[in-house]
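Encoded as structure tokens, the structure appears first; notes follow it.
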Amino acid sequence: MTAAIFACGGAGAAIAGQAPTGPSLPSEAKPFAGKIGQTYLDSTADFPVQRKAPTGAPNILLVLTDDVGLGAASTFGGPVPTPNLDRLAARGLIYNRFHTTAMCSPTRASLLTGRNHHAVANGIVANLTTGFPGYNNVMPKSAATIAEILRQNGYNTAMFGKHHNAPEDHVSPQGPFDLWPTGLGFEYFYGFMAAETNQFTPALYRGNAPIPTLKDGQLLDNALANETINWIHNQQAVDPAKPFFAYLATGSAHAPLQAPPEWIARFKGKFDNGWDQVRTDTVARQKRAGILPQSATVTPRPDGIPAWSAMSDAQRRITARTMEVYAAMLAYQDDQFGRIIDELDRMGESGNTLVIFIEGDNGAAAEGGPLGSMNPMSNFANGTDETEQRLLDGIDTFGGPDAVANYANGWAWAMSAPNPYVKQYASHLGACATAWSCRGPNAFRVAVYAASLVT
């Protein structure tokens, strides 16, 4: 991918059927070419020259959302309006065969290194690490990340959002920090280290130091957009000729599903027709858009997910509310992403910025159970019973700071359309999609290599 990015800037021309040649890592130290005399006056200095990116090398904005199925966003035929991702797609191309792994850490490790997740020791999520080859989550030094490669070749680099590529015993005040973003080539990091975090009160770090959480009702997606914009402002102010690589990995739409109340209100009643009809409508839109061939036959609802018509009024009310919150969270994330695109436009940097947007790291998550959940640990660990009545009693807290909410697994199936099933079933997941925007003679080649990054 790095070589392809440099090709977009005009260096290392690509040949059909071959990957373009890229920069070496690390760069070789050049011998001293000055002169050392008896005094300073008869000596000639020779300062080491830092490697610069090729002339015209683009900025890169890489965006990865979390637990979003192919059939969620309007860009790919889904029911959730994502006008800013639609806008990005209209500037470039849409890919519907961007393959991912089945879980968070493996996809993220593959994305950053361009290698199979087992080859870089991330065959499992970082909080379930084991002491076996391919599964210990200790990324080898031989697998440089794209951030490290670009940093050593003339880019400024920064990461914002979810990392989830360091074992849990590394996430502590004494480190070790070499598997944190700042140890993997990112000069700046603002975000969280775990699989998930509360959107209202996230566990945040700047660099490798914990910082106070958000206040006054601000949500994490807003804070991430603010940090991204501010960092780009500072980077461009100091050295506008130097390109940047910014990696934005949001926590949306991973549980806990949380969104501003006014955004949740926008979707009230929008999903009362149920997951069967929503999935059918999504598939029809995907066929009209060419994302699916007209002749495609879509698999039926799997066993274990009830028909919407077979559910009681109370069950429909609970599960529809969970989907309203999910839609609000994804739509709000798109709105905050749009602020970054707006700022790049305002700064005049859009025409020199490669934007790769991956909508979903591993498909929709079905961990919420048949009705959804306000406490996911009830399904995983502590054996508490989230009864239908308990969910009804707490329905108004869904999406707020006091509920660790997740949506019903029927909605996860619907949001995965046209794929047969959901996250954690890679054989059934198939693909996610990428929208990108880049201008220049090599733009199409760059997109092709970017879309092949984690295959």
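The values are calculated or read from the model by the stated rules, or taken from the named source; none is laboratory data. A quick note: this is a predicted structure, and the numbers were derived from the prediction, not measured. A quick note on method: Cβ atoms are made from the backbone with ideal geometry, for glycine too, and the neighbour counts reach across all protein chains shown. To get the accessible areas, we keep the full protein, side chains included, count just its heavy atoms, and leave off ligands, DNA and RNA. Shrake-Rupley method; radii C 1.70, N 1.55, O 1.52, S 1.80 Å.
A few notes on this one:
- Pro54 open to solvent by 10 Å² or more (accessible area, probe 1.4 Å) and within 30 Å of Ala408 (Cβ to Cβ): no
- Residue among Asp334, Asp345 that alone is at pLDDT 90 or above, under 17 Å from the mean Cα position of the chain (by Cα) and not hydrophobic (A, V, I, L, M, F, W, C): Asp334
- Total residues in region 130-175, condition open to solvent by 60 Å² or more (accessible area, probe 1.4 Å) and either out of contact with any strand residue (DSSP E or B) (no Cβ under 6 Å at 6 or more places or on another chain) or free of Cβ contacts under 8 Å to residues at least 24 places away in the same chain (or both): 11
- Tally of residues being more than 18 Å from Asp334 (Cβ to Cβ), not in a strand (DSSP E or B) and not acidic (Asp, Glu) across region 348-362: 4
- The residues in region 404-426 that are at pLDDT below 90 and either buried (at least 24 other Cβ atoms within 10 Å of the Cβ) or assigned to a loop (DSSP other than H, G, I, E, B) (or both) can be counted, and the count is 7.
- Residue list for region 57-85, filter: among the polar types (S, T, N, Q), open to solvent by 10 Å² or more (accessible area, probe 1.4 Å) and touching a residue at least 24 places away in the same chain (Cβ under 8 Å): Thr75, Asn84
- Test for Asn234: is it modelled with pLDDT of 95 or more and in contact with a Pro (Cβ under 8 Å, 6 or more places away or on another chain): no
- Only one entry in Gly348, Gly360 is at positive phi and buried (at least 21 other Cβ atoms within 10 Å of the Cβ), namely Gly360.
Results for (1) part of a helix (DSSP H, G or I); (2) in contact with a strand residue (DSSP E or B) (Cβ under 6 Å, 6 or more places away or on another chain), shown as yes or no for each residue.
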{"residue": "Val298", "(1), (2)": "no, no"}
{"residue": "Pro302", "(1), (2)": "no, no"}
{"residue": "Glu324", "(1), (2)": "yes, no"}
{"residue": "Leu330", "(1), (2)": "yes, yes"}
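- Filtered residues of region 121-164 (kept if under 19 Å from the mean Cα position of the chain (by Cα), closer than 17 Å to Ala195 by Cα and in a helix (DSSP H, G or I)): Ala126, Asn127
- Filter result (surrounded by 15 or more Cβ atoms within 10 Å (Cβ to Cβ) and without any contact (Cβ under 8 Å) to a residue 24 or more places away in the chain) within region 224-267: Asn226
- The condition of being within 23 Å of Pro243 (Cα to Cα), out of contact with any Cys (no Cβ under 6 Å at 6 or more places or on another chain), charged (D, E, K, R) and open to solvent by 10 Å² or more (accessible area, probe 1.4 Å) holds for Glu187.
- Given (1) in a helix (DSSP H, G or I); (2) out of contact with any Ser or Thr (no Cβ under 9 Å at 6 or more places or on another chain), index of the condition Gly269 fails: (1)
- Residue in region 204-219 that is within 19 Å of Leu111 (Cβ to Cβ), under 20 Å from the mean Cα position of the chain (by Cα) and part of a loop (DSSP other than H, G, I, E, B) present: no
- You will find that of Gln336, Gln389, the residue that is surrounded by fewer than 20 Cβ atoms within 10 Å (Cβ to Cβ) and of a type in the set (S, T, N, Q) is Gln389 and no other.
- Selection from region 53-102 of residues that are modelled with pLDDT under 90 and in contact with a Lys or Arg (Cβ under 7 Å, 6 or more places away or on another chain): Ala102
- Criterion (closer than 30 Å to Tyr155 by Cα, of a type outside the set (Lys, Arg) and out of contact with any helix residue (DSSP H, G or I) (no Cβ under 7 Å at 6 or more places or on another chain)) met by exactly one of Gly351, Gly304, Gly338: Gly351
- Contact annotation: residue pairs with Cβ atoms under 8 Å, 6 or more positions apart or on different chains, pairing a residue in region 86-99 that is on the phi < 0 side of the Ramachandran plot and part of a strand (DSSP E or B) with a partner that is among the hydroxyl-bearing types (Ser, Thr, Tyr) and surrounded by 15 or more Cβ atoms within 10 Å (Cβ to Cβ), are Ile94/Thr75; Ile94/Thr434; Tyr95/Thr434; Phe98/Thr434.
- Taking the numbered list (1) more than 30 Å from Tyr332 (Cα to Cα); (2) without any contact (Cβ under 8 Å) to a residue 40 or more places away in the chain in turn, Pro26 passes all entries but (2).
- Criterion (at pLDDT below 95 and under 21 Å from Ser252 (Cα atoms)) met by exactly one of Asn198, Asn127: Asn127
- Scope region 272-292; condition part of a loop (DSSP other than H, G, I, E, B) and open to solvent by less than 80 Å² (accessible area, probe 1.4 Å); matching residues: Asn273, Gly290, Ile291, Leu292
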